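Note sheet for the following structure.
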Amino acid sequence: MKRGSVETGVGVFVLIGLLCVAYLTIKLGKMEFLSSDYYRVSARFSTVAGLKEGAQVEIAGVQVGQVERIALDPKEMVANVVLKIHNGIELDEETIAAVKTSGLIGDKYIRLQPGGGLEMLKDGGRLKETQASVDMEDLVGKYAFGDVKKGGEGGGGEAGGNGAKPGDLK
């Protein structure tokens, strides 16, 4: 009889421990079950290079949601991005969505800039104004290998590289 009560106590203790681990996993992993604290809007971008699902969505530097899904629209060859926005945040029809980089080479995120529209977006709505990310590789490639315009005559001359000739200095 005594042995059965010890085993029951250990079983209850293990069960409580497993429930605590499951609760922490859901909370720390920010998983959602039966929760509708968000509404979804979509945005179409010409490119979303570097943006990942789960990336932050910010307004004025404050996180207001996250990227839920990124998919290619095969008909128009654009990226369709679905954003989860907190219910308390209202976006108008003229809100601008831009893909930005945190820091010089940091992670990509979506920055929303509210517009002056009168109509608010509802669940399933679409942001019409978007700005794709700046591709640093393209910029460096254009600068390094592209048509870099050279200065006029005398540019890079012997007297200090400013186009002055030795007799010009007075």
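Being over 11 Å from the mean Cα position of the chain (by Cα) and assigned to a strand (DSSP E or B) narrows it down to one residue among Ile85, Ile89; which is it? It would help to see each step written out before you state the result.
Numbers: Ile89 fails: assigned to a strand (DSSP E or B).
Every option except Ile85 fails the conditions.
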Residue check for Val57: touching a Ser or Thr at 6+ places or on another chain (Cβ under 8 Å), touching a residue at least 24 places away in the same chain (Cβ under 8 Å) and either surrounded by fewer than 19 Cβ atoms within 10 Å (Cβ to Cβ) or over 13 Å from Lys122 (Cα atoms) (or both) | no
Name the pairs: first residue in region 114-129 and within 14 Å of Asn87 (Cα to Cα), second residue of a type in the set (Phe, Trp, Tyr) and assigned to a strand (DSSP E or B), Cβ to Cβ under 9 Å, at least 6 apart or on different chains?
-> Leu121/Tyr39; Lys122/Tyr39; Asp123/Tyr38; Asp123/Tyr39; Gly124/Tyr39; Gly125/Tyr39
Is there a residue being over 16 Å from the mean Cα position of the chain (by Cα) and on the phi < 0 side of the Ramachandran plot anywhere in region 61-70?
-> no
Tell me, please, whether a residue that is of a type outside the set (Asp, Glu), loosely packed, with under 15 Cβ neighbours inside 10 Å and either modelled with pLDDT of 90 or more or over 24 Å from Asp37 (Cβ atoms) (or both) can be found in region 92-100.
-> no
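Filter region 42-52 down to the residues that are surrounded by 12 or more Cβ atoms within 10 Å (Cβ to Cβ) and not β-branched (Val, Ile, Thr) and list them by number. Outline the logic, then answer.
Taking region 42-52 first, the residues surrounded by 12 or more Cβ atoms within 10 Å (Cβ to Cβ) are 42-51.
Within region 42-52, Ser42, Ala43, Arg44, Phe45, Ser46, Ala49, Gly50, Leu51 qualify.
Yes/no matrix, rows are residues, columns are (1) among the small types (Gly, Ala, Ser); (2) in a loop (DSSP other than H, G, I, E, B):
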{"site": "Gln66", "(1), (2)": "no, no"}
{"site": "Leu72", "(1), (2)": "no, no"}
{"site": "Ala97", "(1), (2)": "yes, no"}
{"site": "Lys100", "(1), (2)": "no, no"}
{"site": "Gly116", "(1), (2)": "yes, yes"}
{"site": "Lys142", "(1), (2)": "no, no"}
What number goes with the only condition from (1) over 27 Å from Leu28 (Cβ atoms); (2) surrounded by 14 or more Cβ atoms within 10 Å (Cβ to Cβ) that Val64 does not pass?
-> (1)
What about Asp73, is it over 17 Å from the mean Cα position of the chain (by Cα), among the acidic types (Asp, Glu), surrounded by fewer than 14 Cβ atoms within 10 Å (Cβ to Cβ) and more than 12 Å from Phe45 (Cβ to Cβ)?
-> no
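Only one residue in Gly124, Gly117, Gly88 is under 15 Å from Gly65 (Cβ atoms) and in contact with a strand residue (DSSP E or B) (Cβ under 8 Å, 6 or more places away or on another chain). Which one?
Working: Gly117 fails: under 15 Å from Gly65 (Cβ atoms); Gly88 fails: in contact with a strand residue (DSSP E or B) (Cβ under 8 Å, 6 or more places away or on another chain).
Gly124 is the lone residue from the list that is under 15 Å from Gly65 (Cβ atoms) and in contact with a strand residue (DSSP E or B) (Cβ under 8 Å, 6 or more places away or on another chain).
Does any residue of region 1-12 turn out to be touching an Asp or Glu at 6+ places or on another chain (Cβ under 6 Å) and farther than 24 Å from Glu137 by Cα? So that I can check it myself, show each step before the final result.
Of region 1-12, the ones touching an Asp or Glu at 6+ places or on another chain (Cβ under 6 Å) are none.
No, because not a single residue in region 1-12 is touching an Asp or Glu at 6+ places or on another chain (Cβ under 6 Å) and farther than 24 Å from Glu137 by Cα.
Quick check on my filter: what residues within region 1-51 are charged (D, E, K, R) and at pLDDT 90 or above?
Step one: filter region 1-51 for residues charged (D, E, K, R), giving 2-3, 7, 27, 30, 32, 37, 40, 44.
Listed by number, the residues that qualify are Arg40, Arg44.
The values are calculated or read from the model by the stated rules, or taken from the named source; none is laboratory data. As the structure is a computational prediction, the values presented were derived from the model and not from experiment. Here the Cβ is made from the backbone with ideal geometry for all residues, glycine too, and neighbour counts use every protein chain on show.
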